[in-house]
């Protein structure tokens, strides 16, 4: 199973967006165990990206509309932009800064579009921890663990057989 997702996020009360890609192995048409990566698209001062492990529970995945949950555990890096951001993809790969960790439980509603495609709408809370808030990579923004934590809304597409 592959998925592409767009997720809202909030850094220092500035709502932004992340783009992510996930891959997972489906077990018994109900569980998915996978990995994923995501990167910030739209924050004006700070950029971050992450890698995560994800476990999903999707009961009744063959119903037209069904619900499920997931939990992700991840590792990321955050860094202030070196230059002023001029467009959404400017400074996109400028993420190798100070490390942080997070845990993110999420509830999903999924709509089967075809036998191999699903639309997903999710609601999650990301709890960041372990960030060295005094690191020089974030000296300009002074981003904190609390700034990287918060409620997120996800929309996405899953492709694969269940």
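The values are calculated or read from the model by the stated rules, or taken from the named source; none is laboratory data. Note that the structure is a prediction, hence the values are computed from the model and not measured. A quick note on method: Cβ atoms are made from the backbone with ideal geometry, for glycine too, and the neighbour counts reach across all protein chains shown.
Checking residue 6 against (1) surrounded by fewer than 16 Cβ atoms within 10 Å (Cβ to Cβ); (2) under 11 Å from the mean Cα position of the chain (by Cα); (3) closer than 19 Å to residue 114 by Cβ, which single condition isn't satisfied?
All conditions pass for residue 6, except number (3).
Quick one: count up the residues across region 18-51 that are loosely packed, with under 15 Cβ neighbours inside 10 Å, touching a residue at least 24 places away in the same chain (Cβ under 8 Å) and assigned to a strand (DSSP E or B).
Just the residues of region 18-51 that are loosely packed, with under 15 Cβ neighbours inside 10 Å, to begin with: 21, 23, 25, 27-30, 33, 44, 51.
Still in the list and also touching a residue at least 24 places away in the same chain (Cβ under 8 Å): 25, 29-30, 44, 51.
Keeping just the survivors that are assigned to a strand (DSSP E or B) gives 25, 51.
Residues that pass the stated criteria total 2.
Of 28, 44, which residue is under 21 Å from residue 117 (Cα atoms) and modelled with pLDDT under 95? Explain how you work it out, then say what you get.
On the way: 44 fails: under 21 Å from residue 117 (Cα atoms).
None of the other options fit; the residue is 28.
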